[in-house]
Structure formats: structure tokens, C-alpha cells
Amino acid sequence: MKIHEYQAKQVLAEAGVAVPRGMVADTPNAVVNAFHELGGEIAVVKAQIHAGGRGKGAIKENPEQHGVELVRTAADARRVASDLLGHTLVTIQTAAEGRTVHRVLVEEGCRIARELYLGIVVDRATAGPVLIASSQGGMDIEKVAAETPELIFREPFHPDLGLQSYQVRKLARRLGLSGPSVRSAEKFMRGLCRVFVERDCSLIEINPLVVTADGDLLALDAKMTFDDNALFRHSELGGLRDLAEEEPAEIRAAEEGLSYVKLDGNIGCLVNGAGLAMSTMDIIKLHGGEPANFLDVGGGANVHQVTEAFRILLDDRNVRAVLVNIFGGIMRCTTIAEAILAAHQSVGLDLPLVVRLEGTEVEQGREILRSSGVDIMTASDLTDAAKRVVAAAV
């Protein structure tokens, strides 16, 4: 689950991690009031959407207006707010249609001496969290990793023990921090790692992490993502979810107990089992196609769920062909065959449909499809299925 920058900073502030003073606003008048309350001298107005690159992004209706703006007067604050609120912001992390800005974060300005990068992810190599730091803050970390990998430093830490003081000192030395900045880094880095573990995060990114003129470390930006599978342990996080920022089809699928992720391709995939779904997507790409989604109906899906899965697939206007790939274990192939026919009757499958069935009651399932009179292409194996659906989607 993703949350907005202002929400991430609230979570960090509660844990004692330093963030700038700021206020959230959803009208130009509220932005002006926030500007005055924060001192009325200099502030930053930041669009709040679930995407990075907001500072370089542009409002679709006014390309001169970026998603993050420095303002020095109340009039400037009102103008920027009017240009952002209710308008569409397009960044490198949004699709071409962009995201509508419903609220902005107004933050007090600060005297910046340096910009650094700090992030935490789960490292598969060490099977635990790792703190990533770089002296190249304010830049795309992917670009830094590609062009100057020697400027990226990693410190794995134990989730129970947390980041240790010696690790902070090591990173501080590599980042060129000294004096009061090292003491500030101790509190900041260890607090950030503690939040990551305690809140079951999958990502925390602070870019830029600024060193102020006084030597303090401050999270000028904050991106935070939580592990969906652990949300049952964090009822306090439920109120942070913003459904307006999520893909409607993914919300709809979750309500039906389906695992669905929308992609940019034109081949709809309906599969049982996450590993099989990944393999299906891979083999579609291997044969020149592009999957439109990840969709795992699970091992115990019923006719209703499979029908709803078809509805979700067909509501995607980019889908030009559908591949059903089922390996019947708990899920019987006869159930899938009956569900396909029920979906055809209730939804209307007017796109090319390729079906590959294997496993429990496979012969009976294939016979149900053969005798149905419905135009369905059956495949003998996964490679055959992929080739057929890629050709049908052209």
C-alpha cells in the first residue's frame, strides 16, 4: 500500500524522525492560510499524488506549472495552488493521462547546505532490510546507480537489532558528514530503520535528505510503501489509504478475492497460481506479445469469481485477446471450463480466447469446451498457447 508524502512524514515525525513543518490543504484559501501560519516568508507547495518526479512533472492543462514550486508571497501561493488543485499532473512515473491533484502539502522553507539520498528496501541477497545511502541526493537513484555506482553505499541491518551506531558512523564518513551532522544522522538513520521494521514497510525513500546550514538532517521528501500482507497487524494504517490514487480494476478484483495488477499490454491473462501467472507473462513476452495484466484467481476460485475475472479483463479497452492458463490441482479443470462458458453467456466474449488446461479432470474440462459450440482455441501446452494468443492479438 502506497501513501502520500504528507502521510509518510506524519508517520516519520511520530517516530522522532526530523521532517519540515508543513500543512495539508485542498483549496487555494487553505494554502494561503498555511503559508501565513508557516511564517509567511518562503514555502514550498507540493502536489500530493502517488508518483515520483513531481518537481519535473507538469500540469497537463498548463505545462509551465510543475508539481513542486517555491513560493515567497501569499499571492504566489494562491496562484500555484489554483494551477495544481483539480488539475492533472503528468510525471515520469505516471501514465500519459497523469493523476488529478486533490491536495497539496505546504511546507516551510529551510536553508539547505547539502542534498543526500537515503532509502530502505528488503534485500533478497541478505534476506533482510538494507539501508542505502548516496551523496547524490535530489537525483534519480537509478541514474546514479547506472553511471556512478561507487557513490551508493549499503548497510544491511538485522530487523530485531536495528541499525547499529558503528554502521551510522561508517555511512556518515562515506557521505562526508562531520560534527553535529553525525549526531543528527545517528537519530535520523536509526529512527528510519526502526519505522521500516515496526510498520512492515516494503520501501522507504528520502530523496532528498538535506543537511541544513545548522548541520541537521531533514527529510525534505518521503516515499513510503507498506507490505499489503502485513496490514492486518496495522489497523492504524487503514485510514491512510487513498482509493482515488489506486487502479479501479485492482480495487474491484481485491473485493472479489482476486490478485490483479494492471499492465500496459494487450493480452489478458487469467491464471491460477502466482508462479504460473508469472511464467505465463514471461512466455507471452518471449514470443513477442505484451501481457495486459497479472491475474491469479487462486486455487479455489468458483464460477462467480472466474466470471468476474473475465469482466475485469474485458473492461480493459487495450485487451485484444485472452489467454486462460489453468493447472488443475485443487482447482478442477471442469470448474474452469464451466466458468468460461458461464462468462461467455453473461459477459459476452467477443475477443479471441485461447485456453490451456492441465491437471485434475482435464479431459472432462476439454470435452466441455469442445462440445459447447463456443469459438475457443485450445492449446496443447503453454508454448502453443502463447504462440496462439500472440498471433490472435496482432
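The values are calculated or read from the model by the stated rules, or taken from the named source; none is laboratory data. These numbers were taken from a predicted model, which means no experiment stands behind them. Glycine also receives a Cβ, built like all others from the backbone with ideal geometry; neighbour counts cover every protein chain displayed. Note: areas computed on protein heavy atoms with side chains; ligands, DNA, RNA excluded. Shrake-Rupley method; radii C 1.70, N 1.55, O 1.52, S 1.80 Å.
If you go through the stretch 106-148 one residue at a time, how many are of a type in the set (Gly, Ala, Ser) and part of a strand (DSSP E or B)? Talk me through it step by step, then tell me what you get.
Start the filter on the stretch 106-148 by keeping residues that are of a type in the set (Gly, Ala, Ser), which leaves 109, 113, 119, 125, 127-128, 133-135, 137-138, 145-146.
If we keep only those that are part of a strand (DSSP E or B) too, we end up with 113, 119, 128, 133-134.
Residues flagged as of a type in the set (Gly, Ala, Ser) and part of a strand (DSSP E or B) within the stretch 106-148 amount to 5.
Please pick out the residue among GLY86, GLY53 that is part of a loop (DSSP other than H, G, I, E, B) and either out of contact with any strand residue (DSSP E or B) (no Cβ under 9 Å at 6 or more places or on another chain) or closer than 24 Å to ILE204 by Cα (or both). Write out each step before concluding.
Details: GLY86 fails: either out of contact with any strand residue (DSSP E or B) (no Cβ under 9 Å at 6 or more places or on another chain) or closer than 24 Å to ILE204 by Cα (or both).
Of the residues listed, the single one that is part of a loop (DSSP other than H, G, I, E, B) and either out of contact with any strand residue (DSSP E or B) (no Cβ under 9 Å at 6 or more places or on another chain) or closer than 24 Å to ILE204 by Cα (or both) is GLY53.
Look at the stretch 88-108 and say how many of its residues are at pLDDT 90 or above, surrounded by fewer than 17 Cβ atoms within 10 Å (Cβ to Cβ) and not hydroxyl-bearing (Ser, Thr, Tyr).
1
Six or more apart or on different chains, Cβ under 7 Å: which pairs go from a residue in the stretch 219-241 that's farther than 19 Å from GLY22 by Cβ and open to solvent by 60 Å² or more (accessible area, probe 1.4 Å) to one that's among the aliphatic types (A, V, I, L, M) and assigned to a loop (DSSP other than H, G, I, E, B)? Could you list them?
Once the first residue is farther than 19 Å from GLY22 by Cβ and open to solvent by 60 Å² or more (accessible area, probe 1.4 Å) and sits in the stretch 219-241, its partners that are among the aliphatic types (A, V, I, L, M) and assigned to a loop (DSSP other than H, G, I, E, B) give ASP228/MET1; ARG241/MET1.
Taking the condition part of a strand (DSSP E or B) and farther than 25 Å from CYS201 by Cβ, does VAL45 pass? Before the answer, list the steps.
Values: part of a strand (DSSP E or B): yes; farther than 25 Å from CYS201 by Cβ: yes.
It is true that VAL45 is part of a strand (DSSP E or B) and farther than 25 Å from CYS201 by Cβ.
Looking at the stretch 120-142, can you tell me whether even one residue there is small (Gly, Ala, Ser), over 17 Å from GLU205 (Cα atoms) and in contact with an Asp or Glu (Cβ under 7 Å, 6 or more places away or on another chain)?
Keep residues of the stretch 120-142 that are small (Gly, Ala, Ser), which gives 125, 127-128, 133-135, 137-138.
After this cut, where a residue has to be over 17 Å from GLU205 (Cα atoms) as well, the list is 125, 127.
Checking which are in contact with an Asp or Glu (Cβ under 7 Å, 6 or more places away or on another chain) leaves us with none.
Checked against the condition, which is being small (Gly, Ala, Ser), over 17 Å from GLU205 (Cα atoms) and in contact with an Asp or Glu (Cβ under 7 Å, 6 or more places away or on another chain), the stretch 120-142 yields no hits at all.
Considering the stretch 291-308 alone, what residues qualify as being in a loop (DSSP other than H, G, I, E, B) and either modelled with pLDDT of 95 or more or in contact with a strand residue (DSSP E or B) (Cβ under 6 Å, 6 or more places away or on another chain) (or both)? Spell out the reasoning first.
Of the stretch 291-308, the ones in a loop (DSSP other than H, G, I, E, B) are 292, 297-302.
Within the stretch 291-308, ALA292 is the sole residue that qualifies.
Considering only the stretch 310-394, give the helices (runs of 4 or more DSSP H) lying wholly within it that have at least 1 residues that are more than 25 Å from LYS285 (Cβ to Cβ) and open to solvent by 10 Å² or more (accessible area, probe 1.4 Å).
Details: elements: 333-346, 362-370, 382-393.
Of the helices (runs of 4 or more DSSP H) lying wholly inside the stretch 310-394, those with at least 1 residues that are more than 25 Å from LYS285 (Cβ to Cβ) and open to solvent by 10 Å² or more (accessible area, probe 1.4 Å) span 333-346, 362-370.
Looking at the structure I just gave you, is GLY53 more than 19 Å from the chain's Cα centre (by Cα) and not hydrophobic (A, V, I, L, M, F, W, C)? Break it down stepwise before answering.
On the way: more than 19 Å from the chain's Cα centre (by Cα): no; not hydrophobic (A, V, I, L, M, F, W, C): yes.
In short, no.
Select from the stretch 247-259 the residues that are touching a residue at least 40 places away in the same chain (Cβ under 8 Å) and open to solvent by less than 70 Å² (accessible area, probe 1.4 Å) and list them in ascending order. Explain how you work it out, then say what you get.
First pass over the stretch 247-259, keeping only residues touching a residue at least 40 places away in the same chain (Cβ under 8 Å): 249, 252-253, 256-258.
Answer for the stretch 247-259, where residues must be touching a residue at least 40 places away in the same chain (Cβ under 8 Å) and open to solvent by less than 70 Å² (accessible area, probe 1.4 Å): ALA249, ALA253, GLU256, GLY257, LEU258.
Out of curiosity, is GLY275 assigned to a helix (DSSP H, G or I), within 22 Å of the chain's Cα centre (by Cα) and farther than 28 Å from GLN48 by Cα?
Yes; evaluated as a whole, the condition is true for this residue.
Which ones in the stretch 31-58 are among the aliphatic types (A, V, I, L, M) and in contact (Cβ under 8 Å) with a residue 40 or more places away in the chain?
VAL31, VAL32, ALA34, LEU38, ILE42, ALA43, VAL44, VAL45, ALA47, ILE49, ALA51
Of the numbered conditions (1) within 21 Å of GLU37 (Cα to Cα); (2) not in a helix (DSSP H, G or I), GLN65 fails exactly one; give the number of that condition.
(1)
Which residues, taken from the stretch 264-290, are open to solvent by 20 Å² or more (accessible area, probe 1.4 Å) and out of contact with any helix residue (DSSP H, G or I) (no Cβ under 8 Å at 6 or more places or on another chain)? Working first, answer last.
Initially, the stretch 264-290 is screened for residues open to solvent by 20 Å² or more (accessible area, probe 1.4 Å), giving 264, 266, 273-276, 278-279, 281-283, 285-288, 290.
ASP264, GLY273, ALA274, GLY275, LEU276, MET278, MET281, ASP282, LYS285, listed by residue number.
Would you mention how many residues in the stretch 23-66 are small (Gly, Ala, Ser) and modelled with pLDDT of 95 or more?
Start the filter on the stretch 23-66 by keeping residues that are small (Gly, Ala, Ser), which leaves 25, 30, 34, 39-40, 43, 47, 51-53, 55, 57-58.
Still in the running and modelled with pLDDT of 95 or more: 25, 30, 34, 43, 47.
Here the count works out to 5.
Does the stretch 156-168 contain at least one residue that is of a type outside the set (Gly, Ala, Ser), in a helix (DSSP H, G or I) and open to solvent by 50 Å² or more (accessible area, probe 1.4 Å)? Walk me through it before giving the result.
To start, the set of residues in the stretch 156-168 that are of a type outside the set (Gly, Ala, Ser) comprises 156-161, 163-164, 166-168.
Keeping just the survivors that are in a helix (DSSP H, G or I) gives 166-168.
Okay, now just the ones that are also open to solvent by 50 Å² or more (accessible area, probe 1.4 Å), so 166.
Yes, some residue in the stretch 156-168 is of a type outside the set (Gly, Ala, Ser), in a helix (DSSP H, G or I) and open to solvent by 50 Å² or more (accessible area, probe 1.4 Å).
Hey, does the stretch 118-127 have a residue that's touching a residue at least 12 places away in the same chain (Cβ under 8 Å), of a type in the set (A, V, I, L, M) and open to solvent by 30 Å² or more (accessible area, probe 1.4 Å)?
In the first step, residues of the stretch 118-127 are kept if they are touching a residue at least 12 places away in the same chain (Cβ under 8 Å); the result is 118-123, 126.
Adding the requirement that they be of a type in the set (A, V, I, L, M) leaves 118, 120-122.
Among the residues that remain, those that are also open to solvent by 30 Å² or more (accessible area, probe 1.4 Å) are: 121-122.
The answer is yes, given that some residue of the stretch 118-127 is touching a residue at least 12 places away in the same chain (Cβ under 8 Å), of a type in the set (A, V, I, L, M) and open to solvent by 30 Å² or more (accessible area, probe 1.4 Å).
Being polar (S, T, N, Q) and part of a helix (DSSP H, G or I) narrows it down to one of GLN7, GLN93, so name that one. Full working, then the answer.
Values: GLN93 fails: part of a helix (DSSP H, G or I).
Unique residue meeting the criteria: GLN7.
Take the stretch 291-307 and flag every residue that is open to solvent by 30 Å² or more (accessible area, probe 1.4 Å) and out of contact with any helix residue (DSSP H, G or I) (no Cβ under 6 Å at 6 or more places or on another chain).
GLY299, GLY300, ASN302, HIS304, GLN305
So for the stretch 201-208 (the condition being of a type in the set (Val, Ile, Thr), within 20 Å of the chain's Cα centre (by Cα) and open to solvent by 60 Å² or more (accessible area, probe 1.4 Å)), does at least one residue qualify? Give the steps one after another, and end with the answer.
If we filter the stretch 201-208 for residues that are of a type in the set (Val, Ile, Thr), which is where we start, we get 204, 206.
From what's left, within 20 Å of the chain's Cα centre (by Cα): 204, 206.
In the following step, the residues that additionally are open to solvent by 60 Å² or more (accessible area, probe 1.4 Å) were identified as none.
Within the stretch 201-208 (the criterion being of a type in the set (Val, Ile, Thr), within 20 Å of the chain's Cα centre (by Cα) and open to solvent by 60 Å² or more (accessible area, probe 1.4 Å)), the answer is no, since none of the residues qualifies.
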